[in-house]
Structures are given as C-alpha cells and as structure tokens.
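Input: a single structure, listed below in structure tokens.
None of the figures in this text is laboratory data; all of them are computed from the coordinates on show. Predicted model only: the values in this text are computed from it and were never measured. Heads up, the Cβs are rebuilt from the backbone with ideal geometry, glycines too, and the neighbour counts pull from every protein chain shown.
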Amino acid sequence: MRILRAVRFCMPLRRADRRMWSKKGSQKDSKEIDTVCPYCGTGCNITLHVKDNEIVRVSSMLNTWNEGLLCAKGRFGYSFVASSERLKTPLIKKEGKFCEGSWDEAISHIADRLKE
C-alpha cells in the first residue's frame, strides 16, 4: 500500500494529474463507469470518467478494497483504450499463423480445445 499512497500523495504526480485533466475541459458532463483495473491480477476498483466517448480521468472510490488508491499504471495508463493498434477481433492460430476470426468461431475453437 505504500507505493499506492506514494502515487496519490506525491506532489509532482498530483500536478501532472491536474495538468493532464485540465486539458480535457470541464468534467461536469462526464459519465462515471465503475470497473476493474486491467493491469495486474490485484483487481483494484477504478472509476472511468468518460466524456464524448473518451476517458478523461481515472479515479477510485474510498469504499473499495484498494481504499481509493491506485498505482501509476492504474491512474495514468489508459491510453491503450483508444489505440489504433488495439485488437478488436479475436486472432486464431491456423497453420502456425494468426488470422482474424469471428467471436463465434473463437469461442467454438476454445470449447473444442477444452474438450481435448
């Protein structure tokens, strides 16, 4: 928990937080979406503040197991969501190469492999 507190209370990081979020404009119209941090297996609860279909801020509520504290990746590492390199369809390995497939095909492939 010490590392988590360091990120929350470190003045340079807090200033970076404010500068980064101030460029996103007013957050009054943002929608809050509660979810789980995708980075490690710890499962910290996070709240995404979304405006115009873009994440403008990440926070965490105090009444969660991580007590509102987030590591640097959890608080600042959300740019991958809008990345042009992000996978949006499943990749299935066929003849040693990955090929795009449908979700139904991927689920069927997984089910067949689990039955083996």
For peptides 33-44, 78-89, sequence by mean Cβ density within 10 Å, most packed first: 33-44, 78-89
- request: Could you calculate the contour length gain from Glu32 to Ser102, that is, 0.36 nm times the residue separation minus the distance between their Cα atoms, to one decimal place in nm?
  value: 22.2 nm
query: Among Lys31/Lys73; Lys28/Lys73; Lys51/Lys73; Lys93/Lys115; Lys73/Lys115; Lys94/Lys115, which pairs are too far apart, with a Cα-Cα distance over 28 Å?
result: Lys73/Lys115
message: Between Arg86 and Arg113, how high is the FRET efficiency from 1/(1 + (r/R0)^6) when r is the Cβ-Cβ distance and R₀ = 25 Å? Nearest 0.05.
response: 0.50
